[in-house]
Amino acid sequence: MSPAGITLVERFPGVDDYRRLRLATGLSDKSEAVAQAGLGNTTYGISLLRGDEVVGMGRIVGDGACFHFVVDIGVIPELQGQGLGKRIMDALDAWLRVHALPTAHVSLFADGEAERLYAQYGFAQSERSVGMFYRVPPAP
């Protein structure tokens, strides 16, 4: 059961809240310029609000047809374990079920225990594919 007083809105946080939530939830820091550029490519995003304070977030990025990537799922530590991650995923999943094409590839990276949450929405390790990534190294 999610805590009372938390409202879900269909908009992604601004740059300052995005950067604050990333750090608070253990995600990597992003500079203001990088966050601004990245947030502009959000296909769909939500924020959880406690009053005017953004306490949770989640978004979908992609090409709008073939590929959708679920990213930036986070809830401030003091509210974790109260069903808010599920509330975020419910909203993202509902959007995907309406807007994603039947052949679209929807993916995400799960950290630790979050794998159990995402499995409730049909996410599973692929038998044919291996998730891989790399970070672009800084310029010399």
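The values are calculated or read from the model by the stated rules, or taken from the named source; none is laboratory data. For clarity, every value in this text was computed on a predicted model and none was experimentally measured. For neighbour counting, all protein chains shown are included, and Cβ atoms are generated from backbone atoms with ideal geometry for every residue, glycine included. Please note that ligands, DNA and RNA were not included when accessible areas were found on the heavy atoms of the full protein model with its side chains. Shrake-Rupley method; radii C 1.70, N 1.55, O 1.52, S 1.80 Å.
Keeping all protein chains in position, work out how much accessible area Glu115 exposes to a 1.4 Å probe, and write it in Å² to the nearest 10.
100
With equal scatterers on the alpha carbons only and no solvent term, can you work out the Debye log10 of I(q)/I(0) for region 77-129 at 0.18, 0.21, 0.30 1/Å?
-0.68, -0.89, -1.35
Among the complete DSSP H segments of the chain, which ones combine at least 15 Å of alpha-carbon extent along their axis with a mean Kyte-Doolittle hydropathy of -0.5 or more? Numbers along the way, then the final one.
Working: long enough: 84-99 (23 Å, 0.08).
Helices passing the filter in the chain: 84-99.
What order do you get for 27-33, 82-88, 132-138 when each peptide is scored by the mean count of other beta carbon atoms within 10 Å, highest first?
Values: 27-33: 11.4, 82-88: 18.7, 132-138: 5.3.
Per-residue Cβ counts within 10 Å, averaged per peptide and sorted highest first, yield 82-88, 27-33, 132-138.
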